[in-house]
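One structure below.
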Amino acid sequence: MGLLKGSFSFMQFEVEGRLPPDFNTFINNRMKANSFRETRNTAEEKRLGWVSLTDILDTDFENANYALGDYLIFSLRVDRKVIPPKLLTLKLMEEQRRVLAASGQTRLGKQTNENIKEKIRMELLTKSEPVPSFYDVCWAVGQNKVYFSSLAEKVADDFVDLFKKSFSLGLKRIVPQEHPLAQKSKAEGTVPAEELPLIGREFVTWLWYKSEERNGRISLTRGEEVELHLLKRIALEAGEGEYAQGVVCSGLHAELTEGKEAIRRGKKVKETGMKMLRDQSEWEFNFKADTFFYQSMKMPVADWRDQPEDPAAGLLERIYLIENAVKTMDHLFESFLTLRLSAEWTQTEKPLLAKWLKKEQG
């Protein structure tokens, strides 16, 4: 439940579609119509629906309000039944022997075995208890944006499907190559199309260079800076799929030697830990370059004297801190894209990056 407390891992979506005129009534009806409903003694392998973020037992949203200012906050509950493979094998063997003994046969046909296996599987599913999982949802309505607290592809697919079924609105992953500037460069042929899927890695590799150029300080706008440091673990990779070759660096000396040597050999940063400081606030998180996933984001620690007594105010503060971190990274990415797609990249920035690598080599 990272939206309420602790670290927060999330992916981002853009909401596609038009909101209905009477939005509040529509959301209230659709949220309750698609809330989680528990069933007993069924062979259903997966069941999902919405529940309250602040009270996971409240599936009717009677005691907890999901509306919080300009945000809608709730959780996706997914119940799954999983049959241990060895248990299925054991029960299957027992039933096969029973059928053989009853029929007097020495062996069973393929179709009979398949029927027996399906019968046993359904019986085990009916008797087994589901394992529930909960995933936080923060829908910034005015921004047409959703933060979802899972990095798993299958869970994300379930979330997108239920969101569309519930609200008749689509969700589109926010990924680096889909940025308007990147798509514009693709249409104009400024950057080869095959390079765009790796633009996120180029960005994080550039951030490493920029973070060391001025002891971590990077300009955002005139007179405003952010301090950024790569830390703990840096994963670099070249190529894709089965042809990918990677290296993982940990610790200061590894960063200075292995990591930068890997860049010189054509690899780019795929994933790294980051510490970011802005406006006297500090965040730490793991950042995935290909997907812009944020993993285990630690929020700035608030002074105990400033802690609001109202839990809703505290949650709004956490959402503000999450958004502030994301907006800062988005600002940095847009600055990078503007530079990367300009003549200045080849003329000035790329030579400076090469000089930085050469300096470390020496």
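If I go through region 1-46 residue by residue, how many of them are exposed (fewer than 14 other Cβ atoms within 10 Å of the Cβ) and either on the phi > 0 side of the Ramachandran plot or hydroxyl-bearing (Ser, Thr, Tyr) (or both)? Number of matching residues: 6. In a residue-by-residue description of region 325-340, the property of being closer than 25 Å to Ala238 by Cα, exposed (fewer than 14 other Cβ atoms within 10 Å of the Cβ) and modelled with pLDDT under 90 applies to no position. For first residues located in region 218-239 and more than 17 Å from Arg201 (Cβ to Cβ), partners that are in a loop (DSSP other than H, G, I, E, B) and lie 6+ apart or on another chain with Cβ distances below 7 Å form the pairs Glu227/Gly216; His229/Gly216.
Does Ser168 qualify as being touching a Lys or Arg at 6+ places or on another chain (Cβ under 9 Å) and over 30 Å from Lys298 (Cα atoms)? So Ser168 fits the description; yes. The set of residues in region 207-239 being farther than 13 Å from Thr272 by Cβ, of a type in the set (A, V, I, L, M, F, W, C), buried (at least 16 other Cβ atoms within 10 Å of the Cβ) and in contact with a Leu (Cβ under 8 Å, 6 or more places away or on another chain) consists of Ile218, Val226.
Among residues of region 166-188 that are farther than 13 Å from Glu334 by Cα, those with a beta-carbon under 6 Å from a residue that is among the acidic types (Asp, Glu) at least six positions away or on a different chain give the pairs Gly170/Glu16; Lys172/Glu14; Lys172/Glu16; Ile174/Glu14. Taking region 101-148 as the range and being in a loop (DSSP other than H, G, I, E, B), under 18 Å from Asn41 (Cβ atoms) and not hydroxyl-bearing (Ser, Thr, Tyr) as the test, the residues that pass are Glu129, Pro130.
Does Val269 count as modelled with pLDDT under 80 and in the same structural domain as Lys327 (by TED's automatic domain parsing)? So Val269 fails the test.
Has region 277-285 got any residue that is modelled with pLDDT of 85 or more, touching a strand residue (DSSP E or B) at 6+ places or on another chain (Cβ under 7 Å) and under 22 Å from Glu237 (Cα atoms)? Yes, region 277-285 contains a residue that is modelled with pLDDT of 85 or more, touching a strand residue (DSSP E or B) at 6+ places or on another chain (Cβ under 7 Å) and under 22 Å from Glu237 (Cα atoms).
When you go through Ala156, Ala193, Ala238, Ala187 one by one, which is the residue that is of a type in the set (Gly, Ala, Ser) and within 21 Å of Leu353 (Cα to Cα)?
After ruling out the rest, the residue left standing is Ala238.
Only one entry of Pro197, Pro192 meets the criterion of being touching a residue at least 40 places away in the same chain (Cβ under 8 Å), within 22 Å of Arg265 (Cα to Cα) and surrounded by fewer than 21 Cβ atoms within 10 Å (Cβ to Cβ), and that entry is Pro197.
Restricting attention to region 314-328, report how many residues are without any contact (Cβ under 8 Å) to a residue 40 or more places away in the chain and of a type in the set (Ser, Thr, Tyr).
Result for region 314-328: 1.
Restricting Gly104, Gly189, Gly142 to residues that are under 18 Å from Glu14 (Cα atoms) and among the small types (Gly, Ala, Ser) narrows the list to Gly142.
For (1) hydrophobic (A, V, I, L, M, F, W, C); (2) part of a strand (DSSP E or B); (3) closer than 24 Å to Gly6 by Cβ; (4) in the same structural domain as Ile319 (by TED's automatic domain parsing), each residue gets a yes or a no:
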residue: Asn41; (1), (2), (3), (4): no, no, no, no
residue: Leu57; (1), (2), (3), (4): yes, no, yes, no
residue: Arg77; (1), (2), (3), (4): no, yes, yes, no
residue: Leu90; (1), (2), (3), (4): yes, no, no, no
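Restricting attention to region 344-359, which residues are modelled with pLDDT of 85 or more and of a type in the set (D, E, K, R)? The answer is Glu344, Glu349, Lys350, Lys355.
For the structure I just gave you, tell me whether Leu169 is at pLDDT 90 or above, outside the structural domain of Met297 (by TED's automatic domain parsing) and not polar (S, T, N, Q). Yes; evaluated as a whole, the condition is true for this residue.
The values are calculated or read from the model by the stated rules, or taken from the named source; none is laboratory data. Computed from a predicted structure; not experimentally measured. Every residue, glycine as well, gets a Cβ built from its backbone with ideal geometry; the counts of neighbours run over all protein chains shown.
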